[in-house]
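S.K.: I am attaching a structure below and will ask some questions about it afterwards.
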Number of protein chains: 2
Amino acid sequence: MDTHTIDTADTPEPQPEEDTPWLTAREQRMWRAHLEVAKLLEYQLSRELQPHSLAINDYEILVVLSEAPDHRMRMTDLATATLQSKSRLSHQITRMENAGLVLRQECPNDRRGLYAHLTEQGWETMQRVAPDHVRSVRAHFIDRFTPEQLDAIYEALAPVADHLRGLRGRS
Amino acid sequence: MDTHTIDTADTPEPQPEEDTPWLTAREQRMWRAHLEVAKLLEYQLSRELQPHSLAINDYEILVVLSEAPDHRMRMTDLATATLQSKSRLSHQITRMENAGLVLRQECPNDRRGLYAHLTEQGWETMQRVAPDHVRSVRAHFIDRFTPEQLDAIYEALAPVADHLRGLRGRS
């Protein structure tokens, strides 16, 4: 007689898998909707930037630099602001430098540091592309929510963003 | 006398920039929170998969294949399911094949087609990693919302996902 089987049936021993807090159906559908929207929206916005010969990450760099004092930022700060690794950002800035959108410059006060500087062409590109990009963001995302939904989602997401930014800062 | 300037002042000609439906502060903060959470969450989940030597896209492939009949899918269907281009998926499957997680197989009924097939090792990897991944998803996302927020966000995002899936299908 297999006492182990009987023991298990009477007072089930926890199985590793049973310890796992699997998502409920309700949680699962929200999680999948979030993943899908994040991924599909990035795809669609990228597609609509293609006629401007810009990748979505390039556009983000243009926006961040155009909002920075003197249109320039230390490469390390730009990596933090765009949540990229320094090596990945470096490759991207090289491509954007070749396209005439940004320039690398040495920091006057820090020989080890480098700035990324928006060129005149980069600034003009940003200004030309921004209206189309805003229309895309509205058409595929923002205008699809009621004002109440906009606020409810913001209030739900803002503390999550704070939490994740904190973890990122510590890494 | 510069009549053009006066005309413009009296009955302002629409400027291209003034036609742009820029986001309001309320819309802008929600848009930024969405972008930040999407990006930071992907970063954090990727980080927590690193001890398992898996990229987040690899994990997604394992999940999709493990849910497919016979643990296999046509490469074209897998590209659709994971919202990737066929060329990018092909590179990824090559890496995963080298890691022993999947196998490419010819379709028996379609000489042009290829299947990606989950290996026994791929299946075991998925089962080993899934509990940790679920805990990460809970800790950094799902458990940070009230049940009401989960439902409200799902109801807001689901039609947006439908809209974007429709656009993607047409492309």
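The values are calculated or read from the model by the stated rules, or taken from the named source; none is laboratory data. All values reported here derive from a predicted model rather than from experimental measurement. Positions of Cβ are generated from backbone atoms using ideal geometry, with glycine treated the same way; all protein chains shown enter the neighbour counts. Areas reflect the complete protein model, heavy atoms only, side chains present, ligands, DNA and RNA absent. Shrake-Rupley method; radii C 1.70, N 1.55, O 1.52, S 1.80 Å.
S.K.: Take every Cα-Cα distance within the protein assembly as shown, group them into 20 Å bins from 0 onward, and report for each bin the whole-number percent of pairs it holds.
M.R.: Whole-percent P(r) values from 0 Å outward: 24, 53, 19, 4, 0, 0.
S.K.: Could I ask something else about it? Based on the Cα atoms of chain A, what semi-axes does the equivalent ellipsoid have, where each is the square root of 5 times one gyration tensor eigenvalue, given in whole Å with the largest first?
M.R.: Semi-axis lengths for chain A are 45, 23, 15 Å.
S.K.: Whose Cβ in chain A comes nearest the axis that rotates A onto B, and by how many Å?
M.R.: Of all Cβ atoms in chain A, the one nearest the axis gives A:A38, 2.
S.K.: Let me ask something else about it. Kindly write out, for the range A:102-108 in residue order, the coupling ³J(HN,Hα) from the Karplus curve 6.51 cos²θ - 1.76 cosθ + 1.60 (θ = phi - 60°), rounded to whole Hz, with x marking Gly and Pro.
M.R.: Ordered by residue, 3J(HN,Hα) equals 9, 9, 8, 9, 6, 6, x Hz.
S.K.: Quick one: Karplus J couplings for the range A:122-132, per residue in order, coefficients 6.51, -1.76, 1.60, θ = phi - 60°, nearest Hz, x for Gly and Pro?
M.R.: x, 5, 5, 4, 4, 5, 6, 7, 3, x, 5
S.K.: In square angstrom, rounded to the nearest 10, how much accessible surface does A:D58 have for a 1.4 Å probe?
M.R.: For A:D58, the solvent-accessible surface is approximately 10 Å².
S.K.: Quick one: which residues, 5 or more positions from A:G113 or on another chain, have an amide H under 5 Å from its amide H? H modelled 1.01 Å from N in the peptide plane, none for Pro or chain starts.
M.R.: Sorted by chain and number, the residues that satisfy this are A:C107.
S.K.: Continuing with the same structure: Calculate the FRET efficiency for B:D77 and A:A158 from the Cβ-Cβ distance with a Förster distance of 41 Å, rounded to the nearest 0.05.
M.R.: Once rounded, the FRET efficiency stands at 0.65.
S.K.: Then there is this: Taking amide hydrogens as modeled 1.01 Å from N in the peptide plane, which residues meet the under 5 Å criterion relative to A:T82, leaving out close sequence neighbours?
M.R.: Answer set, sorted by chain and number: none.
S.K.: Any idea of the accessible area per residue across the range A:89-132, 1.4 Å probe, to the nearest Å²?
M.R.: I get 60 Å² per residue for this part.
S.K.: Something else now. Amide H of B:V102: which non-local residues (sequence gap of 5 or more, or other chain) have their own amide H closer than 5 Å, using H built in the peptide plane?
M.R.: B:E97, B:T119
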